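To start, the structure under review is shown below, and the notes come after it.
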Number of protein chains: 2
Amino acid sequence: MQLSPNHPSALLFTALHLAVSCLGSVASPAVSASGSASVAANYPSGTPFPGDYGGQYRPQVHYSAPQHFMSDPNGIFRDNNGTWHLYYQYNPLGLGFGNQHWGHATSKDLYHWTNQPIALGPPSKSVALFSGSAVVDKNNTSGLFPGQDNGVVAIFTLAGKDPDGGYGGPQTQALAYSHDGGFTYQLYQHNPVINSTSTNFRDPRVMAYKDHWVMVIAYSRDYTVGIFTSRNLINWTHASNFSLTGLLGAQWECPNLIHMPYYDQKGQKQDNIWTLFVNINPGGPLGGAVVQYYPGSFNGTHFEPVDSAARSIDSAKDFYAMQFFNNVGPGTDVESPVSIAWASNWQYTQLVPTAQEGWRSSMSLPREHFMTKVKGAGWKLVSRPYNLDRMVSETLVVEKNLTKEVVAVEFSGVESKAIYWEIHLTGIPDREPRSLSLNVSFVSPSTAENVRLGYVFGAVDFDLFGGDTPFFLDRGGAKGFDHTFFTQRFSVSSPHDNGTWSVSGVLDRSILEVFIDGGIETMTSTYYTKEPISVALFSLSPDLPKGMNVDLRVVGLHGVWDQVTDKDGIVYGNRTVKALA
Amino acid sequence: MQLSPNHPSALLFTALHLAVSCLGSVASPAVSASGSASVAANYPSGTPFPGDYGGQYRPQVHYSAPQHFMSDPNGIFRDNNGTWHLYYQYNPLGLGFGNQHWGHATSKDLYHWTNQPIALGPPSKSVALFSGSAVVDKNNTSGLFPGQDNGVVAIFTLAGKDPDGGYGGPQTQALAYSHDGGFTYQLYQHNPVINSTSTNFRDPRVMAYKDHWVMVIAYSRDYTVGIFTSRNLINWTHASNFSLTGLLGAQWECPNLIHMPYYDQKGQKQDNIWTLFVNINPGGPLGGAVVQYYPGSFNGTHFEPVDSAARSIDSAKDFYAMQFFNNVGPGTDVESPVSIAWASNWQYTQLVPTAQEGWRSSMSLPREHFMTKVKGAGWKLVSRPYNLDRMVSETLVVEKNLTKEVVAVEFSGVESKAIYWEIHLTGIPDREPRSLSLNVSFVSPSTAENVRLGYVFGAVDFDLFGGDTPFFLDRGGAKGFDHTFFTQRFSVSSPHDNGTWSVSGVLDRSILEVFIDGGIETMTSTYYTKEPISVALFSLSPDLPKGMNVDLRVVGLHGVWDQVTDKDGIVYGNRTVKALA
């Protein structure tokens, strides 16, 4: 499935690499300078871009595009054969925002990805191709797929562009359809399927609901999610609006309406609950991005939240445009909804040093989710890495009932340099000593650069009524990148309940994802050290309270690019699909 | 009004100073070790504590207690003579939380304060004195003030203490009354006035509403504000609850329900609007504290918010327990509601280096407020320093239509080292150049330590649809204190409207308060440099767009303690009030 290293695209890769070092983060000039990217030619097609996935910063377990600038996952779905399709907002010719296409990759397990040719590009010079969604039109409700049960309909925003490069609108919703299961698309002739004069009306997310299709879409600057319905994916009727609830930020984007499994605090399965997700950027409380969600009820046309609480996901700064795969969730082969998000922040994404390696931005881990309830605050989303078990390459440490104060794990022998770790605490006393803390440091041995995280059982905050018990993450010790908006320190309250608490995470070269208290809280944070991190230090404050127990497990993870890298260190993609088109 | 330097309390001051250096931030042992603080003696009374207000970190325009640990303002009111009374949660014998009393200071202008004797202390060993409020019972509705129109009723939480020092509750609401206008109080004989078995039911805030009294109070862990009514301040009836709206955090505290003036976007006065304020700690999005508010309607018993949006004040980390002065606001002599908040954060307040100077924590500036509306997001609170004009000591710089790229202001000659500055921008183009930015650095010349802030007109974020235009504050350049929870970098989206935008602020030795876009956004941030800051650098990116205009004004501020400091550098208080008791 790999291109030979002598294929023309390898030359293209070299040429682009040179262009990159000249252009820095300003990518748009490359668009007009390159014949192959002219909008007249629609987009560079036919072959996937090749990529060097061997760089110091390049994640080995997380997906990143082979080259250049990637942002929001969009249109992601699981097809009838169980293949996961990841599309993403993509500038194939630059290291900064602009020139948006839909990049494409496919996977059987959500970790090992095959880069595919670009699936969609802007249909004309005067519009930009923004985010959207894709569904399998199994019953050919659209009439676009006679005799097929695997037709794919993508609906997305086309944003009117000004002559000077601005995005003055209007933003309308267009349809494209694929006869080959999502690899190549044709533009529908009678676009737009939803017309508009608005400059802020975008990111349609379509799903099947009983006998009809439902679309949620953002009226971004009105802090409103519009709900539309359709029988055929072509004719859409506005059904209702949901607005001005929870965090507003500066605009709302990328809504998702998801039927979520609900497990109560005892782990008992209860009725599913609808949950509306809204992505905010800019204007999140930490600066830039935040993802917000509302549990509620949905009757096919109207969404009603259970309460007016503001609930958000992720307490660090690199988690945005969270999207759920279509064709997944209750009633499908895959019971738990699965999401993927863009692991960066617009405040600095166009400045990060991965440009040295010819790429910018990775996705989050694929995550599976359910809803639960916590005392007082009620509904909470739980997030966990999608089945990581098969990714484990080797066990580095297993400590049951840890008594040592420090466990040092040197993992330079793990080829990917990516590790998973988990810590489980039991028997935490209700009123823990103020000095009690758990600290984890990931360290580069040659420079002592580090990323730290930890759990403080009341040592800092006053422990009135249970105290703060904050969990923190501090990326300030990584010295490969610095910027005013690159916030270094994050924290979140994470009270332990019934004396138990846990934390786990994946460290993957330039991205750290942390799942706190079983995934009730998460932190997703990029970091950029000058030298690679290869030591993990797990430390406990001395004098553990009697009866308290700490278990630690650290494992290495398989790099997902190793097996598909050719002898020149380049990852190509799957070209055979072109024959299907 | 000052004590002589030979007064016994001067000796006490010395003794306590010694104790402090031994105890570090752990204050509670001092309580039992000191005879004068025994709960049997109730509290050290009769004389205000003396304080050395000359330290490097000691704010000169902001209020701080003379010695030791201060937290929430509580019970604050303006009396019939126009005197402002500031009470505060106070540990008179230690530099950390605990041993709570109500410290007291009075002022005629909200800047020049006279330290008063402690007003209230815990009535017994088994309860702690928490926050609450005070009202003037002008019409003697309580029957406690025959023949008086200046009787003061304080209602506050008494929190049951466990033998081991915990606060296991219950939390009940008690009343004390003052015949001398708020200087000394007697406990009401038939407390509690609201009984409870709850461990989290506190911070009653009482106000007059037409023919009755209204109390808002927090059921902290239920994310609920209870509303109670009374005719006489003694018998209270539960009227309604407001809950689970906006940010939840880990608990809700210190509610305030305020009748707010409303000025529309054109500056036209409209009908007043009720606004409910709730303080969250821990669990604010930035870690620790945040203040949230809900505009809405109030009919004397029920509060109804206008929408379900989460709105919060202050985008840095040192603004909590915001309280409004009673007897102020629409219908009183002072039309604009006036607040004061505690300018610190529980995540690190007990560790900050002001302990070297014998004190910890200051209040925010007194602020006046009104409500307005902004496009899309609707209601917004506006915050501005209460009349600072009379505090100006000297003009340092006035630049109309600034053309220089850098203006450096050396202000070591300003005795207080406290300055006020304001920058007004007009003629900002709709689509500003990406390179456009405004930066302000406050620098210590000997160490180059600094605190920075600035406005980025789209240089970092992609400027889609108006972009982020984030304002930032970075205290990471101050090297006198560091801690994992001492977040260094903050930002907030602040879109400019109609081409105008402004920023102003007060820098006061260890606290910086910034009012962004006329007070639509604020940042309140402590900072601790090793050496004092005495230079301000205002810089503009080169090549201002045509038609854009920048005005700058920088002035020195009077220190409020200078005039009341004796020859030994100690500020005493007003002892004469004892005679009134």
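Here are a few things to note about the model shown:
- Across all Cα pairs in the stretch B:230-299, the calculated P(r) in 10 Å bins from zero up to the longest distance comes to 17, 36, 32, 14, 1 percent per bin.
- Signed unit charges on C-beta, dipole axis of chain A, positive-most listed residue A:G284, A:A408, A:G96: A:G96
- Peptide B:248-261 - average C-beta neighbours from other chains (10 Å radius): 2
- Counting only residues at least eight positions apart within a chain, or on another chain, the aspartates and glutamates with an alpha carbon under 16 Å from that of A:K138 are A:D79, A:D149, A:D180, A:D211, A:D333.
- FRET efficiency, B:S412 to A:D551 (Cβ-Cβ, R0 60 Å, nearest 0.05): 0.55
- Charge tally around B:L276: other residues with Cβ under 12 Å, Lys/Arg +1 each, Asp/Glu -1 each, net +1.
- Where N is the number of residues in the stretch B:94-198, Cα Rg divided by 2.2 N^0.38 Å: 1.16
- Radius of gyration and maximum dimension Dmax of the stretch B:322-389, Cα, Å: 15.9, 48
- Diffusion constant of the protein assembly as shown at 20 °C, which comes from Stokes-Einstein with the Kirkwood Cα-pair radius and 1.002 mPa s, µm²/s: 69 µm²/s
- In a simple Cβ point-charge model (Lys, Arg +1; Asp, Glu -1; nothing else charged), the stretch A:389-557 has a dipole of about 300 debye relative to its Cα centre.
- Here the stretch B:191-339 is treated as a sphere whose radius is the Kirkwood value from Cα pairs; by Stokes-Einstein at 25 °C and 0.890 mPa s it diffuses with a coefficient of 154 µm²/s.
- Set of lysines near B:K404 by C-alpha distance (under 17 Å), chain-local residues within fewer than 8 positions excluded: B:K546
- Inter-probe distance in nm under a simple model that places probes 7 Å from Cα toward Cβ, at B:D497 and B:D109: 3.3 nm
- Charge dipole of chain B about the Cα centre (unit charges at C-beta), most positive-ward option of B:Y420, B:L247, B:S539: B:L247
- About the Cα centre, charge dipole magnitude for chain B (Lys/Arg +1, Asp/Glu -1 at Cβ), debye: 680 debye
- Kirkwood-Stokes translational diffusion coefficient of the stretch B:126-278, alpha-carbon pairs, 25 °C, 0.890 mPa s, µm²/s: 148 µm²/s
- Using the Cβ-Cβ distance between B:K373 and B:H212 with R0 set to 30 Å, the FRET efficiency from 1/(1 + (r/R0)^6) comes to roughly 0.45.
- Across the stretch A:238-266, the residues whose backbone nitrogen lies under 18 Å from the label position 7 Å along the beta-carbon direction of B:Q265 are A:244, A:248-252.
- With its label point put 7 Å out from Cα toward Cβ, B:D543 sits 6.3 nm from the same residue's point in the other copies, in order from shortest.
- Label point 7 Å beyond Cα of A:N235 along Cβ direction - residues of the stretch A:123-141 with amide nitrogen under 17 Å: A:140-141
- Calculated [222 nm] ellipticity per residue, helices only, for chain A: -1000 deg cm²/dmol; basis is -39500 (n - 2.57) per DSSP H run with n ≥ 4, divided by all residues, nearest 500.
- Put simply, the stretch A:487-531 fits an ellipsoid with semi-axes of 24, 11, 7 Å; these come from the alpha carbon gyration tensor as the roots of five times its eigenvalues, largest first.
- When Rg and the Kirkwood radius Rh are both evaluated on Cα atoms of the stretch A:389-557, their ratio Rg/Rh stands at 0.96.
- Summing charges over neighbours of B:Q323, with a neighbour being any other residue whose Cβ is under 13 Å away from its Cβ, gives 0 when K and R count +1 and D and E count -1.
- With only Cα atoms counted, the stretch A:476-581 has Rg and Dmax values of 19.8, 67 Å.
- Ratio of Rg to Rh over chain B (Cα coordinates, Kirkwood Rh, two decimals): 0.96
Every read-out reported here was derived from the displayed coordinates using simple, explicitly stated rules and does not represent laboratory data. Owing to the predicted nature of the structure, the values given are computational and were not obtained by experimental measurement. Neighbour counts are summed over all protein chains in view; Cβ atoms, including those assigned to glycine, are modelled from backbone coordinates with ideal geometry.
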